[in-house]
Structures are given as C-alpha cells and as structure tokens.
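Asks: Just dropping this structure here.
The values are calculated or read from the model by the stated rules, or taken from the named source; none is laboratory data. Predicted model only: the values in this text are computed from it and were never measured. All Cβ positions, glycine included, derive from the backbone under ideal geometry; neighbour counts span all protein chains shown. Surface accessibility is based on the protein's heavy atoms, side chains included, excluding ligands, DNA and RNA. Shrake-Rupley method; radii C 1.70, N 1.55, O 1.52, S 1.80 Å.
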4 protein chains.
Amino acid sequence: MSQHFSGQAAHPALDVRVAEAVQASFDRQQAMSLIRASMPVVQSGLVEIHLPHWSGVQQQHGFVHGGVVGMIADSAAGYAAMTLAPLGASVLSVEYKVNFMAPAQGQVLIARGTVLRPGRSLIVTRAEVFAVRDGQESLCAMMQQTIMVMHERAEKP
Amino acid sequence: MSQHFSGQAAHPALDVRVAEAVQASFDRQQAMSLIRASMPVVQSGLVEIHLPHWSGVQQQHGFVHGGVVGMIADSAAGYAAMTLAPLGASVLSVEYKVNFMAPAQGQVLIARGTVLRPGRSLIVTRAEVFAVRDGQESLCAMMQQTIMVMHERAEKP
Amino acid sequence: MSQHFSGQAAHPALDVRVAEAVQASFDRQQAMSLIRASMPVVQSGLVEIHLPHWSGVQQQHGFVHGGVVGMIADSAAGYAAMTLAPLGASVLSVEYKVNFMAPAQGQVLIARGTVLRPGRSLIVTRAEVFAVRDGQESLCAMMQQTIMVMHERAEKP
Amino acid sequence: MSQHFSGQAAHPALDVRVAEAVQASFDRQQAMSLIRASMPVVQSGLVEIHLPHWSGVQQQHGFVHGGVVGMIADSAAGYAAMTLAPLGASVLSVEYKVNFMAPAQGQVLIARGTVLRPGRSLIVTRAEVFAVRDGQESLCAMMQQTIMVMHERAEKP
C-alpha cells in the first residue's frame, strides 16, 4: 500500500517552462560543473544527477567523497521539488539527512531525487544514490530532505 | 550546565602521530583540494576546515552550494572524531544531518567540527559552519553526525 | 530500478526464534503498552506497529503527538532490523530523523518499518507512518534511522 | 566565537502573554501528561521539560524509551521556538533528528530546548536531553529540529 509513496507517485505533467527553468538553474550551479555532474533526467517529481567517478571527487580511500555524494543528492532532490513548484518559484534546501550505506565506487554515481510530499511552502523529498559498476546499480546512500518554495522569486539569469 | 557539551569539552592532549595521520588523510582527499579547502586547525576534538568563496563552488544564486557547505562540515566533524580515535584507526561517516540557516555568503567559510560524545565504535559530532564577511562571523549551517571508528585500519598512503 | 530498495527487498525467511525474541522484547516495552500500541506484523525485514487514536496520545490540536508518531516509527524500524540480526543479538537506536508531512489524524496510525540496508554492526532502516481514516491510508510521517546490532547480547526477560 | 550559538543567545525579553500561551499549549498536550512530563522552565528561547523515570516510559532494558526521549526533546525545542514567535502564532514540528548517546537512566530526564536561529517562517532549534542521577547530569541525547511558525493561528482552548 505504501509503494506509491516510494517515489513513483502520479504527478501532473511537467510544464515545459518549468523544465527549462530547472535546467537553467542547474546550468548556473558552477559547483555542479566543478565536480562534472550532469542532469540527464528531469521529469515531473523525478530528477537524476549523474557523476562520473574521476580523481577530483575522491576522498582518501579512492571512493567518491561522502560530501560530494551529499551534494548530488541535495541537488537531485531539490530539483525534483522544483518540478512540482509553480512557474516563477524557486526552491531552497532547508535541511537534509543522508545515510551512507556502502562505499561509492563504480564508474558513475546516479542520484535519483523524488518527491515524497509536495506542499505549497514546504516539500519533502528523498534521494537515493546508486553506484553503477559494470552496468550493475548498488545503493550507496539515502537522503531525506526538506525544501522551501519561494513563490514569485524566479531566479535571475 | 550543558555548556561543556557544546564542543569545548576537555579532551586528552592530541598525540602528534594522530595529528599527522589526520593531516595526511586530509591531504589525500582530492575533493577537498578540488574545492580549495584547507584545514588550518587540528586540535584534540576540534578541527576547522576553511573554504575561500570562489566561483567554482557557487550555486545558482552566487552563494556557496549547500552541498559544498555539507562537504566541509562532514570533513571537519569527521576529522574532529579522528583526533580522539586511537592511533591506527580510521573513521567513516555513517550519516549526517545539516540545517541551512542563512545563505553562505562572505569571503571565507569556516566549518568547525567538534565531538559531542566519543565512543569506542561510534562517535557523535557536530559542525557549525560560519560565513566570514569583513571579519564578521555569521552562522550559516549546523550539522549533526555519526562517525564509525574502524580500529586497526590505518589509511594507506 | 530503485523499487527493490524501497522496503520490499527479498530477505531470508524469518527464524521463528528470532520472531519470538522480537515479540518478547516488544512485550517488555512498557512505553508501548502505555500508549496502547500493538505489533500485529512481524516479518523478515518488515514490522508494523499500530496505534489507536485515543485522547492520551494527543497534542494540543487533538492530533496524535509528533513525538508519539516518532516513538512508533522508531520501534517499528528497530524491530524490522532485529528480524534480520542473528539470534541472540539485540538492537539499539543510534539515531533517527523524522519528517512530519500531515497531521496524524484518523482512527489508527500504522508505522511500517523496513530495512534499507542490513549490515553486521549497523543496519539502516526506514519507517513510514500512515493515518488510517475510514479505511483510507494517508502518509503522515517518514523516518530514516540507524540501528546498532549488539551481538551475543540477548535481552534478559 | 561560536559559543553564543550554543543555546545561550541573547533573546528579547519574554512577553508574559506568550509565556502563558506556551503554558496553555503544553497543558493541552495530553501525551505530556500521559508520560508525566512537566515544563518547569519557560524563558525567552529556552524551555525545559522534565520527566521522572517511572515504569510506564521504559523500554525493554528498563531505560526510558528512546521514542519518549525524542518526545520530550521535540516538545522542549518546539516550545523554545514558540517563545520567540509573535503573540497569536502557533508552531509545528517540520522534522527532527535525534542521536542517542547513552542509555537514559537516572531519576529524572531533563530536555533543554534552545533556539539556534529564529526566522519569520522557520526556526531552527536544538534540544539536549540529560539524565540526572544522584544530582549528576549526563548527556543522553542530542536533537536538531526545524519548526514552522503559523502566523495568526493561535491555538484554540
């Protein structure tokens, strides 16, 4: 009975202008470009951020740094929230909590952000981060997050 | 009565070999060098990571990315825990939770990690992140974290 | 692709002696009896705790107190972890984080605890809390938790 | 430099009508009376909830149930936030995260809620929970919380 809360809820179709605003916002995040992250999936209530494993994002053991894992989880879930906010609104992370479950090793990390509960001023989200190794996904982190919606505060390019 | 839990507990003096192991571990974190973070303070139960504000770590509004704030908080608190772990042990983040309180704007961010409760296998820590603007510190984020101690698993250079 | 991490993973069959140890532990929790909670579902990696809505567990608006919601979430997820721990082990909550999504109103609350990642010493879990109103479930809270396994420390009756 | 964020910030003097509204709200929380909690300290930005150790709040090992510890922490920090909200506003827990650091054993538990950052719509708080044993306080849990302020929605008696 709870499955439809696990990220695949039926959300309204994504307004193309909202999708463009999400993409434009991501493109302005220089920190995402610094770590070489991309955002290949933007759907209504679901956003994926992908990160190739390269030396610049490693911690001392050669895995992807937990803080970098948190970064892509934070952004994926925040943008998933933004897909459900009204046109012209922007979003802010109020807080997030992330559990690390396995070392982030693999050729690519995928942070999959989904919306648990949309609200007018606050949106509760989740991100799962998977390490992809030889085509096999394994869960390496789980994040739960609170997002604030700033109405009529579109980001300025 | 609670003040001595707020990060300034009297911890045993820092073994110089532990301090060196902390520094060597930090130096191996390429992600810290990518974002241009440094670690100027390593004391018993207290570590500071400093981050200059530069374009590469910004989000879409020109502030430091919340994920980057989380990254330096995670590392500062993790290394604060490592200063209290036995020589030859390494530390892992089990989880952390961070609240963002104000936009991270200023010339420098300081993440100050402290130990709330040292334990043999788990250490509970905190990090406060301050933005320094014209010499004035303002609190921009607060993190609470659980660290696991891996005994007799020194990091290999 | 992520669905099998959302709580319905295939876990090994539940040892009847572990099931009995879980039930005996629950029965010793006087706080569960104080709030009139019951535990009608104990499966491998999945435990439900049910709470009737009665005046004693209310907060100031007449809904179930958020702390009580956290209590049944904490216990449901902790016992879900215990179903996957070896016989003779006990479990402890290291920490949990809970988001409240809607007022807890209805005739019954159901806290459904599942295991996100079983480990030898640490287990990461989740609990979803639903309010049941006229047979309709609605999600009112979501919790993410870290559990420590204490090996060979069976609880004493 | 960070000390004034650790709970002892200088807040404006407490309006007596706000203090009365906090007390009236607490008195309406039947769940607090069920567990026998009291609220002997209500100051500007600081609230204490005390809980005697009695059999009804125990878990299976005879300590106070972690969920009950979370309950008094949640309420203490929420009411600390309410002391800084305008007259006529009520407060809601958006989320909280609690780390358990030591078994809650002693004659009395004290949850001390403080405000880390007051805001117009969101307030970030903390609660420390101490077990008092023979007059000696020891820290047993630490909570970090987000509170939403509902303006002009005074609670109805």
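Asks: Whether any residue in the stretch A:136-149 is under 24 Å from D:Y96 (Cβ atoms), in contact with a Gly (Cβ under 7 Å, 6 or more places away or on another chain) and more than 10 Å from every other protein chain (Cβ to nearest Cβ) is what I want to check.
Replies: Yes: one or more hits.
Asks: Another question, if that's okay. (1) open to solvent by 10 Å² or more (accessible area, probe 1.4 Å); (2) assigned to a helix (DSSP H, G or I): which one isn't true of B:A81, the others all being true?
Replies: (1)
Asks: Shifting gears a bit: Of all residues in the stretch C:123-134, which are crowded, with 22+ Cβ neighbours inside 10 Å and of a type outside the set (S, T, Y)?
Replies: Within the stretch C:123-134, C:I123, C:V124, C:R126, C:A127, C:E128, C:V129, C:F130, C:A131 qualify.
Asks: Also: Anything in the stretch C:39-54 that is in contact with a Phe, Trp or Tyr (Cβ under 6 Å, 6 or more places away or on another chain) and on the phi > 0 side of the Ramachandran plot? List them, or say none.
Replies: none
Asks: Failed condition for D:E95, given (1) of a type in the set (D, E, K, R); (2) open to solvent by less than 40 Å² (accessible area, probe 1.4 Å); (3) modelled with pLDDT under 95, with all others met?
Replies: Checking D:E95 against (1) of a type in the set (D, E, K, R); (2) open to solvent by less than 40 Å² (accessible area, probe 1.4 Å); (3) modelled with pLDDT under 95, the one that fails is (3).
Asks: Which of the residues that make up the stretch B:14-67 are open to solvent by 20 Å² or more (accessible area, probe 1.4 Å), touching a strand residue (DSSP E or B) at 6+ places or on another chain (Cβ under 7 Å) and not in a helix (DSSP H, G or I)?
Replies: B:L14, B:R36, B:S38, B:P40, B:V41, B:L46, B:E48, B:H50, B:P52, B:H53, B:Q58
Asks: Can you tell me which residue in the stretch B:1-13 is modelled with the lowest pLDDT, limited to those that are open to solvent by 30 Å² or more (accessible area, probe 1.4 Å) and outside any helix (DSSP H, G or I)?
Replies: B:M1
Asks: Are any of the residues in the stretch A:100-110 closer than 22 Å to B:T146 by Cα, open to solvent by less than 30 Å² (accessible area, probe 1.4 Å) and of a type in the set (G, A, S)?
Replies: Keep residues of the stretch A:100-110 that are closer than 22 Å to B:T146 by Cα, which gives A:100-105.
So of that shortlist, the ones also open to solvent by less than 30 Å² (accessible area, probe 1.4 Å) come out as A:101, A:104.
Now narrow it down to the ones that are of a type in the set (G, A, S): A:104.
Yes, the stretch A:100-110 has at least one match.
Asks: Here's something else I'd like to know. When you scan the stretch D:119-126, do you find a residue that is touching a residue at least 60 places away in the same chain (Cβ under 8 Å), within 11 Å of chain B (Cβ to nearest Cβ) and closer than 17 Å to B:F100 by Cα, even just one? I'd like the intermediate steps shown before the answer.
Replies: Of the stretch D:119-126, the ones touching a residue at least 60 places away in the same chain (Cβ under 8 Å) are D:126.
Next cut, within 11 Å of chain B (Cβ to nearest Cβ) only: D:126.
Still in the running and closer than 17 Å to B:F100 by Cα: D:126.
Checked the stretch D:119-126: at least one residue is touching a residue at least 60 places away in the same chain (Cβ under 8 Å), within 11 Å of chain B (Cβ to nearest Cβ) and closer than 17 Å to B:F100 by Cα.
Asks: Out of A:V57, A:V18, A:V69, A:V41, report the one residue that is within 7 Å of chain B (Cβ to nearest Cβ) and either touching a residue at least 12 places away in the same chain (Cβ under 8 Å) or within 26 Å of A:P118 (Cα to Cα) (or both).
Replies: A:V57
Asks: If you check D:L87, D:L46, which single one turns out to be touching a Ser or Thr at 6+ places or on another chain (Cβ under 6 Å) and touching a residue at least 60 places away in the same chain (Cβ under 8 Å)?
Replies: Answer to the selection: D:L46.
Asks: Answer yes if at least one residue in the stretch A:128-138 is under 18 Å from B:G66 (Cβ atoms) and among the polar types (S, T, N, Q), and no otherwise.
Replies: no
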